[in-house]
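A.B. asks: Questions regarding the structure given below will be posed in turn.
The values are calculated or read from the model by the stated rules, or taken from the named source; none is laboratory data. Quick caveat, the model's predicted, so the values are computed rather than measured. Cβ sites come from the backbone with ideal geometry, for glycine too, and all protein chains shown count toward neighbours.
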Amino acid sequence: MPDDSGKSRKRALHLPTSKGRIDADLRDEFRFHMEERVEQFMAAGMTREEAESEVHRRFGDVRTWHQMAREIDEETMRQDRRFELFDTIRRETGRSIRVLLKTPAFSLMSLLTLALGIGATTAIYTVLDSAAALSELERAGIHPAPGDRAGKR
């Protein structure tokens, strides 16, 4: 039974945070596991060269395994960042709601200010859009009747 010095649990307890770190951790992890197998074969009576050759034969192409593990780690990092973002948004939204509920006068004034700003922006945009549509119609030689809506297309 191999010595459980904590190295075999390294990947379970520590996720890397950058691509360079992923590669370094994977190299260390593969090296550790291959060395463990070499020691097991040597304990079974093989020479070091025979044991290393057998490990490489059984393990196969290290680059392929390294690439597969790297892709898994990168996907895990992406998912962790996504969950962190959603968790941060949830926490900040809850905190904002609590603060707004503690100060109802400020909340009401903020809401009214937003409503007036959105309403004024909408009104100005509507007037400008109507004027632009009217000038487009006049340039095209179409003169709408006074009761027609200029913005209607």
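A.B. asks: Is it true that R82 is within 30 Å of F30 (Cα to Cα), of a type in the set (D, E, K, R) and in a helix (DSSP H, G or I)?
C.D. replies: yes
A.B. asks: Show the residue pairs meeting these rules: Cβ distance below 7 Å; 6+ apart or different chains; first residue within the stretch 46-70 and assigned by TED's automatic domain parsing to the domain that holds R21; second residue modelled with pLDDT under 80 and loosely packed, with under 10 Cβ neighbours inside 10 Å.
C.D. replies: Correct list of pairs: empty, since none qualify.
A.B. asks: Is it fair to say A140 is exposed (fewer than 11 other Cβ atoms within 10 Å of the Cβ) and at pLDDT 90 or above?
C.D. replies: When the stated conditions are applied, A140 does not pass them.
A.B. asks: Only one of T76, T88, T93, T121 is in a helix (DSSP H, G or I), in contact (Cβ under 8 Å) with a residue 40 or more places away in the chain and surrounded by 10 or more Cβ atoms within 10 Å (Cβ to Cβ). Can you tell me which?
C.D. replies: It is T76.
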